[in-house]
Amino acid sequence: MRWSQYFIPTLREDPADAEVVSHKLLLRAGIIRQLSAGIYSYLPIGQRIALKVMQIVREEMNRIGGQEFYLPALHPAELWQESGRWSAIGDDMFRLKDRKGADMCLGMTHEEVITSIARNEIRSYKQLPQVWYQIQIKFRDEPRPKSGLMRLRTFIMKDAYSFDVDWEGLDRSFKDQREAYKRIFTRCGIEFSIVEASSGSMGGSESNEFVAKTDAGEDLIASCSNCEYAANLEKASSRLSKIEDDAGPDAPEEFSTPAVRTIEDLARTPYLVAANRQIKSLVYFATIDGEPRPVLALLRGDHQLHDVKFGDALGSTATRPAQPEEIRELLGASAGSLGGVGAKATSRKSNQQLLIIADLGLKGRRNMTTGANKDDHHIRGVDIERDIEVDQWADLRTVSSGEPCPRCDTGTLEVFRAMEIGHIFKLGTKYSESMGANVLTADGKQVPIIMGCYGIGVERIITAAIEQNNDSDGIIWPKSITPFDVVVTITNIKNEELRNAGEQLYKDLQHAGLEVLLDDRDERAGVKFKDADLVGIPYRITIGKKIADEMVELFDRRAKQSEDVKLDDVVARVQELALSAQ
RNA sequence: CGGGGCGUAGCACAGCCUGGUAGUGCGCUCGGUUUGGGACCGAGAGGUCGGAGGUUCGAAUCCUCUCGCCCCGACCA
């Protein structure tokens, strides 16, 4: 392509609406333009990038036997009513009526559609397994679209579905997808982790989330430096070093602690109670079975409560910290002087049923110090299992960077921000059962097909690639998904010698099978360099004064280094570089 | 949905508090000089100030409503 004719509207300044790096660069490099919140147009180089990503996905899907479909984006409500999701999904689904008044929706995913094909056409176990996929637009009316292409209302997704006659088959299909995903993200130049995830409202037994490390991400992930362990902070755990407690007194002792309100206060002189020898006591109200109940959560003094783990452990739909008045009514003291000893008895005075849940990190601890449920007083010598009526033990604490891996002996955990780029689920029979997709087994029994579903967000790959590959000058595309392999920059288009050399090189590079952008614009060299850096094309060949000696300059965008190369050698050199690994 | 911010030229912004009929930089057009890291000089084009209603002799500016966008939170197949 000739830059002079090609539509790449670069922006010199950061657009006001963009916050995260990838969003700014996507706009500045002329890749996308916004149409509405969470809705973007792909401009020509954006389309080239998206096609490259989709092609990699397609190749890897085909490699594991996937068959490409193209399914409708517009669905009749009946399908979704069959699976039960018409009512289970709320405002996230775009709904509309056709001219006859029939309910329709825009597909946010395609389990229903694919299952309806399977149930109509697949009769026998002999037709299985099948792996079907498509690369298609999805619609989700996100409550909060954000960060450019990160959280969209319309986006491109590769969604694959596997159909097996038994669970062993599903295991194989799942593993195939897992391996394909690793290859896809690796080929796209993305640093990723695989985390255990909950399958959420998708249903099913097992799921893996693929995440890309980026500060713009919405998830917090704990990942082991040594082994493969990685988990969302909502589920992550770590190994605690054992603490040997001295045997304490036979019964807890109350002591006076005027003005002590925090763990830190008690850790200082004159008390000197180390934070890991204190019990942190937090009062919450948790909605359990539709009823709000007061809950006392106990953790080691230096640990932080993770409210998702807390809610999960209680089976609660909503939790909130108690108000100061509520705490006083319940336990007769203010936050800062609370504790589990005798808390149940105290709470009964206010006619409330207090639930005590303790973090596993406190199990077996003795001779601890905690609040006395009396302002300005604490209790020491607390043996948790002896002195506190714990209703439930659970993993409640937030894992921090540097803690030992729960799975291997030598690794430590690193906690970082990440964004979801893919998710694979073992669905099981959720859709095949509700929608009646059955097959006959070898021994003549009718069984529901065992399904899996596997998604990849194309825009998420693009976003992650930019987030992980940029510098102050712009994007640095991984070679596999760059819009062009190389840009030929003619420093002065009015100079005939330079122009001719550039035109010839442009042709030669194309003949060598490279995707070439020829910067033949009548602009100053500096402008062209800035634009080339911004757009992020991996290699730039600069045609300048050195052409008198049959030399050109080859600039490596990532290394930010250039070498002088003979004009005759530069095609082979670029070919070699562009086709090498990232 | 709760909290916050912002809508003025293609882009980034000033003007609003204290009403008097719109400005700066970049970009764009034309002419000239320049030509290896976002040039310079000169001359231009370009805006119903998001929309509606109101107050006023007069509204970008004050009031009411409304639409849109961004950020934080809730939510997130």
| note | Note, the range A:532-543: 3J(HN,Hα) by Karplus (6.51, -1.76, 1.60, θ = phi - 60°), whole Hz, Gly/Pro = x, goes 5, 5, 4, 5, x, 5, x, 10, 10, 9, 9, 9
| Kirkwood Rh in Å, taken over the range A:1-79 so that all alpha-carbon pairs contribute | 15.4 Å
| Roughly speaking, what is the stretch gain from A:LEU220 to A:LYS126, that is 0.36 nm per residue apart minus the C-alpha to C-alpha distance, in nm to one decimal? | 29.5 nm
| note | From DSSP H assignment alone, runs of 4+ in chain A each adding -39500 (n - 2.57), the sum over residues rounded to the nearest 500 puts [θ] at 222 nm at -8000 deg cm²/dmol
| said: Report the gain in length on full extension from A:VAL447 to A:ASN492: 0.36 nm times residue separation, minus Cα-Cα distance, nm rounded to one decimal. | reply: 9.1 nm
| said: Counting only protein heavy atoms and a 1.4 Å probe, tell me what percentage of the range A:335-443's accessible area is made up of carbon and sulfur. | reply: 43 percent
| Free-standing Cys, chain A [no other Cys Cβ under 4.7 Å] | A:CYS105, A:CYS188, A:CYS453
| remark: One finds, for A:ALA274 and A:ASP14 with R0 = 51 angstrom and r their Cβ-Cβ distance, a FRET efficiency to the nearest 0.05 of 0.60
| Counting Lys and Arg as +1 and Asp and Glu as -1, what is the net charge of the other residues whose Cβ lies under 14 Å from the Cβ of A:PHE310? | 0
| query | How large, in percent, is the carbon and sulfur part of the accessible surface of the range A:454-572 at a probe radius of 1.4 Å? | reply | 43 percent
| query | Just for the range A:253-394, what percent of DSSP beta bridges are antiparallel, to the closest 5? | reply | 70 percent
| Residue-normalised accessible area of chain A, expressed per residue, 1.4 Å probe, Å² | 45 Å²
| query | What shape does the range A:253-394 have by the C-alpha gyration tensor, where a ≥ b ≥ c are the square roots of the eigenvalues, rounded means a/c under 1.5, and otherwise prolate means a/b greater than b/c and oblate the rest? | reply | prolate
| query | What spacing in nm lies between the two simple spin-label points modelled at A:GLU515 and A:GLU563, each 7 Å away from Cα in the Cβ direction? | reply | 2.5 nm
| At R0 = 51 Å, FRET efficiency that the Cβ-Cβ distance of A:ARG407 and A:ALA572 yields, to 0.05 | 0.60
| message | Quick one: 3J(HN,Hα) in Hz for the range A:263-277, Karplus 6.51/-1.76/1.60 with θ = phi - 60°, rounded, Gly and Pro as x. | response | 4, 5, 4, 6, 7, 8, 4, x, 7, 6, 9, 4, 4, 7, 10
| Contour minus Cα-Cα distance for A:LEU360 and A:ARG417 (0.36 nm per residue) | 18.0 nm
| task | List every residue whose amide H lies under 5 Å from the amide H of A:MET104, counting only residues 5 or more places away in sequence or on a different chain, with H placed 1.01 Å from N in the peptide plane. | result | A:ALA77, A:LEU96, A:LYS97, A:ASP98
| request: Calculate how many DSSP beta bridges within chain A are antiparallel, expressed in % of all such bridges and rounded to the nearest 5. | output: 80 percent
| Which whole-Hz couplings ³J(HN,Hα) result when phi for each residue of the range A:464-480 is put into the Karplus expression 6.51 cos²θ - 1.76 cosθ + 1.60, θ = phi - 60°, listed in order with x for Gly and Pro? | 4, 4, 6, 4, 8, 9, 7, 9, 5, 8, x, 7, 10, 5, x, 4, 6
| request: With a ≥ b ≥ c taken as the square roots of the eigenvalues of the C-alpha gyration tensor of the range A:70-153, please select rounded if a/c is under 1.5 and otherwise prolate if a/b is larger than b/c or oblate if it is not? | output: oblate
| query | Can you give the FRET efficiency for A:ALA37 and A:ASP556, using 1/(1 + (r/R0)^6), R0 = 25 Å, r = Cβ-Cβ distance, to the nearest 0.05? | reply | 0.05
| query | Any idea how far apart A:ASP391 and A:ILE243 come out in nm if each label point goes 7 Å out from Cα toward Cβ? | reply | 2.5 nm
| said: Students often forget the sequence filter, so: which lysines lie under 16 Å Cα-Cα from A:LYS445 once same-chain residues fewer than 8 apart are removed? | reply: A:LYS126
| Just for the range A:484-579, what percent of DSSP beta bridges are antiparallel, to the closest 5? | 55 percent
| note | Row for the range A:484-579, column shape: gyration tensor on C-alpha, a ≥ b ≥ c, rounded if a/c < 1.5 i.e. under 1.5, prolate if a/b over b/c, else oblate; value rounded
| request: For every other residue with a beta carbon closer than 10 angstrom to the beta carbon of A:ARG386, add +1 if it is Lys or Arg and -1 if Asp or Glu, then tell me the sum. | output: -3
| field | Debye intensity ratio I(q)/I(0), log10, chain A, q values 0.08 Å⁻¹ (C-alpha model) | value | -0.74
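The values are calculated or read from the model by the stated rules, or taken from the named source; none is laboratory data. Treat the numbers as computed from the prediction; the structure is a model and nothing was measured. Here Cβ is always computed from backbone atoms with ideal geometry, including for glycine, and neighbour counts include all displayed protein chains. Calculation scope for accessible area: heavy atoms of the full protein, side chains included, ligands and nucleic acids excluded. Shrake-Rupley method; radii C 1.70, N 1.55, O 1.52, S 1.80 Å.
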